[in-house]
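Peer 1: Here it is, the structure in full.
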Amino acid sequence: MKICKVTQNDFQEWLNLALELWPHCSSAEMEVILTNILHSDREQGILVRDDHGCAIAFMNLSLRSDYVPDATKSPVAYVEGIYVKAECRNQDVGRTLIQYAEQWACEQGCIELALDSLLDNSASHEFYTKVGFREVERVVFFIKSAVAVNLTASPEENRPIIEARSLEE
């Protein structure tokens, strides 16, 4: 197993693995995201190659200065994504990537390493706990379409004061 920083020569393999982790993302969108990481001084892409030179895993790291739950110092080293091909799991590839991330964090002057996971991804939760992370917060995000409100109508006109209409009109 060999861990290496992603270069332009590795881009297609990195892209393919990223699309396995995030299948909802289009190839074009993911290319933009990964290109930005490749050229960033606050982010890094990592590939793991097996003994035959095949890419079997990746990890994206960043330095976050925005809010990270329970962090005590900013910036925080952040695992933005980590993925190991199914046939290569339970072989310490993920554990080795997390160790790499810890070393990278220290080199960046960070004292903490953080990440997040979807609420229903219990396999990841188990792995993260096994490699030393502790859960600090659970959250459910909500969103709705914004509706413009007309506040110009008056009660004397016998119309409602609030008149809703879609922003698409």
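The values are calculated or read from the model by the stated rules, or taken from the named source; none is laboratory data. All values reported here derive from a predicted model rather than from experimental measurement. Cβ: placed from backbone, ideal geometry, glycine included. Neighbour counts: every protein chain shown. Areas reflect the complete protein model, heavy atoms only, side chains present, ligands, DNA and RNA absent. Shrake-Rupley method; radii C 1.70, N 1.55, O 1.52, S 1.80 Å.
Peer 1: What are the residues in segment 60-73 that are open to solvent by less than 70 Å² (accessible area, probe 1.4 Å) and of a type outside the set (A, V, I, L, M), if any?
Peer 2: Within segment 60-73, Asn60, Ser62, Arg64, Pro69 qualify.
Peer 1: Filter segment 131-153 for residues that are more than 29 Å from Leu113 (Cβ to Cβ) and surrounded by 10 or more Cβ atoms within 10 Å (Cβ to Cβ); which is modelled with the lowest pLDDT?
Peer 2: Top of the filtered list is Ala153.
Peer 1: State whether the residues of segment 85-107 include one that is among the charged types (D, E, K, R), in a loop (DSSP other than H, G, I, E, B), loosely packed, with under 15 Cβ neighbours inside 10 Å and touching a residue at least 24 places away in the same chain (Cβ under 8 Å).
Peer 2: no
Peer 1: Mind listing whichever residues of segment 13-42 are over 19 Å from Ala101 (Cα atoms), surrounded by 12 or more Cβ atoms within 10 Å (Cβ to Cβ) and among the polar types (S, T, N, Q)?
Peer 2: Asn16, Thr35
Peer 1: Only residues that are open to solvent by less than 50 Å² (accessible area, probe 1.4 Å) and in a strand (DSSP E or B): list them for segment 43-59, please. Full working, then the answer.
Peer 2: Here is the first cut: in segment 43-59, the residues open to solvent by less than 50 Å² (accessible area, probe 1.4 Å) are 44-50, 53, 55-59.
Matches in segment 43-59: Gln44, Gly45, Ile46, Leu47, Val48, Arg49, Ala55, Ile56, Ala57, Phe58, Met59.
Peer 1: Of Glu13, Glu80, Glu20, which residue is assigned to a strand (DSSP E or B) and in contact with a strand residue (DSSP E or B) (Cβ under 8 Å, 6 or more places away or on another chain)? Please lay out each step first, then the result.
Peer 2: Numbers: Glu13 fails: assigned to a strand (DSSP E or B); Glu20 fails: assigned to a strand (DSSP E or B).
Sole residue among the options that is assigned to a strand (DSSP E or B) and in contact with a strand residue (DSSP E or B) (Cβ under 8 Å, 6 or more places away or on another chain): Glu80.
Peer 1: For the subset of segment 2-12 comprising residues that are open to solvent by 60 Å² or more (accessible area, probe 1.4 Å) and touching a residue at least 40 places away in the same chain (Cβ under 8 Å), which member is farthest from Cys54 (Cα to Cα)? Walk me through it before giving the result.
Peer 2: Taking segment 2-12 and keeping what is open to solvent by 60 Å² or more (accessible area, probe 1.4 Å), we get 2, 5, 7-9, 12.
Remaining after also requiring touching a residue at least 40 places away in the same chain (Cβ under 8 Å): 2, 5.
Numbers: Lys2: 10, Lys5: 14 Å.
Among those residues, the one meeting the criterion is Lys5.
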